[in-house]
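The values are calculated or read from the model by the stated rules, or taken from the named source; none is laboratory data. Note that this is a predicted model, so its numbers are computed, not measured. All Cβ positions, even for glycine, are placed from backbone atoms using ideal geometry, and neighbour counts span all protein chains on display.
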Amino acid sequence: MNENAAQIVYLSLIGIAAGSYVLVAYRGRLGSMLQAALIWLLIFMAALVAYGFRDTIRQQLFPREGVMISGDTIAIPRALDGHFYADLRVNGEKITFVIDTGASDIVLAPRDAVKAGLDPDALRYIGRARTANGVVRTAGVTINTLEFAGFVDTDVPASVNGSEMDMSLLGMSYLRRFQRFEIVGDRLQLQR
């Protein structure tokens, strides 16, 4: 007997054993057995649908792109950890930033710089920045295009961090491009 036939026989025996147990356990209660089977089938189907739409559900529950609430105002909801995050397109590539009013510049994590088409190994790390983790080396770069919720900026100065960091920072050099930014409840509002 080949391996596939042996697996079919093995799985058939398991199925017969499981089916026999269910029939004996629900003897005389066929209606309740069918009801329980239908409930489990519906739970399984709901789990499949939720898994299939997980990115859409996550975006609805935890939006990061920023939502236009008028022609010149973007609203960003506060994340569960208390920070504000935004997804921007850097040279056409989607990169998640933490909005950091304590950072002077836009600071790209090395892996995000690679994603945006920059080569961190070819950069000159002659700048220095003071961070919560101490002094780090930085390299100045120019971002060709920076897109955020419909606003597009070109030739944007930024820095690439010389060491790994969890996430890129959207600092004051970018936030100053807005006329006004304020926290209203659990939303950060940016107005151009």
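Structure above, values below:
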read-out: Options I74, I39; residue that is under 30 Å from A149 (Cβ atoms) and modelled with pLDDT of 80 or more; value: I74
read-out: Single unsatisfied condition, E93 versus (1) surrounded by 14 or more Cβ atoms within 10 Å (Cβ to Cβ); (2) at negative phi; value: (1)
read-out: Sole exception among (1) more than 25 Å from A75 (Cβ to Cβ); (2) of a type in the set (K, R); (3) touching a strand residue (DSSP E or B) at 6+ places or on another chain (Cβ under 6 Å) for R130, by number; value: (3)
read-out: When residues of the stretch 128-148 are limited to those that are more than 16 Å from V90 (Cβ to Cβ) and small (G, A, S), the one surrounded by the fewest Cβ atoms within 10 Å (Cβ to Cβ); value: A132
read-out: Sole residue being under 22 Å from D155 (Cα atoms) and either part of a strand (DSSP E or B) or touching a residue at least 24 places away in the same chain (Cβ under 8 Å) (or both), chosen from A86, A75; value: A86
read-out: Some residue of the stretch 149-171 being in the same structural domain as I69 (by TED's automatic domain parsing), surrounded by 15 or more Cβ atoms within 10 Å (Cβ to Cβ), under 16 Å from A86 (Cα atoms) and of a type in the set (S, T, Y); value: yes
read-out: Count of residues meeting criterion [surrounded by 19 or more Cβ atoms within 10 Å (Cβ to Cβ), β-branched (V, I, T) and in a helix (DSSP H, G or I)] in the stretch 104-127; value: 0
